[in-house]
Amino acid sequence: MRLLIGFLLALSLAGCSQDLKSRLVGRWVADLQTIQAGPATAELKQRTEIAGATLDLNDDGTFRSTDGSRVTTGTWSIEGQHVTLAPSSGDTALTPTIQIDSKGKELTLTVTEGGQTATVALKKR
């Protein structure tokens, strides 16, 4: 009986993860009004305004992000209430921390560059 209950619980949790994944698939766009940081804010905001920062999460587990002229591709996964990005280039210097809100409708991206931390909300387009 315990084995059956454990199996059913595992299935229900897997279903929740799949449901969250389906809500996250698509294009996410930076909301410039939410950028918070120190001295790096001006540069981050300028790059974002010029080309628009986007994060495309694809159903096959790949992603493509743009930030000004910088384009990054790789794979993504869900770990709890976070999205984890694994860039193809192996360059993890700018790998952000991405928190998923409780409804999966907003992502909060935090990145540290040169000792400066910046945070911005991403809204689904």
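The values are calculated or read from the model by the stated rules, or taken from the named source; none is laboratory data. Not measured: the values here are computed from a predicted model. Cβ placement follows ideal geometry from the backbone for every residue including glycine, while neighbour counts extend to all protein chains displayed.
Within segment 102-119, restricting attention to residues that are in contact with a helix residue (DSSP H, G or I) (Cβ under 9 Å, 6 or more places away or on another chain) and closer than 21 Å to Leu24 by Cβ, which residue is modelled with the highest pLDDT? I'd like the intermediate steps shown before the answer.
Going through segment 102-119, the residues in contact with a helix residue (DSSP H, G or I) (Cβ under 9 Å, 6 or more places away or on another chain) turn out to be 103-105, 107, 111, 113, 116, 118.
Now narrow it down to the ones that are closer than 21 Å to Leu24 by Cβ: 103-105, 107, 111.
On the way: Lys103: 78, Gly104: 78, Lys105: 83, Leu107: 92, Val111: 76.
Result: Leu107.
Pairs needed: first member in segment 67-82, more than 26 Å from Lys103 (Cα to Cα); second member anywhere, at pLDDT below 85 and not charged (D, E, K, R); C-beta distance under 6 Å; at least 6 residues apart or different chains.
Gly68/Ile50; Gly68/Ala51
Suppose we filter segment 102-125 for residues that are within 15 Å of Gln81 (Cα to Cα) and surrounded by fewer than 15 Cβ atoms within 10 Å (Cβ to Cβ); how many remain?
Total satisfying the criteria: 4.
Going residue by residue through segment 92-100, is there one that turns out to be at positive phi and in a loop (DSSP other than H, G, I, E, B)?
So far as segment 92-100 goes, no, none of its residues is at positive phi and in a loop (DSSP other than H, G, I, E, B).
One residue is enough: does segment 41-52 have a residue meeting the conditions modelled with pLDDT of 90 or more, surrounded by 14 or more Cβ atoms within 10 Å (Cβ to Cβ), part of a helix (DSSP H, G or I) and among the basic types (Lys, Arg)?
No, segment 41-52 has no match at all.
Scan segment 90-101 and tell me whether some residue there is over 11 Å from the mean Cα position of the chain (by Cα), of a type in the set (Asp, Glu) and surrounded by 14 or more Cβ atoms within 10 Å (Cβ to Cβ).
There is no residue in segment 90-101 that is over 11 Å from the mean Cα position of the chain (by Cα), of a type in the set (Asp, Glu) and surrounded by 14 or more Cβ atoms within 10 Å (Cβ to Cβ).
Could you tell me whether any residue of segment 79-101 is at pLDDT below 90 and touching a helix residue (DSSP H, G or I) at 6+ places or on another chain (Cβ under 6 Å)?
Checking segment 79-101: not a single residue is at pLDDT below 90 and touching a helix residue (DSSP H, G or I) at 6+ places or on another chain (Cβ under 6 Å).
Please enumerate the residues belonging to segment 55-72 that are within 16 Å of Val25 (Cβ to Cβ) and under 13 Å from the mean Cα position of the chain (by Cα).
Within segment 55-72, Leu55, Asp56, Leu57, Asn58, Gly61, Thr62, Phe63, Arg64, Ser65 meet the criteria.
Could you tell me which residue of segment 58-78 is farthest from Arg125 (Cα to Cα), considering only residues that are surrounded by fewer than 11 Cβ atoms within 10 Å (Cβ to Cβ) and at pLDDT 95 or above?
My answer is Asp60.
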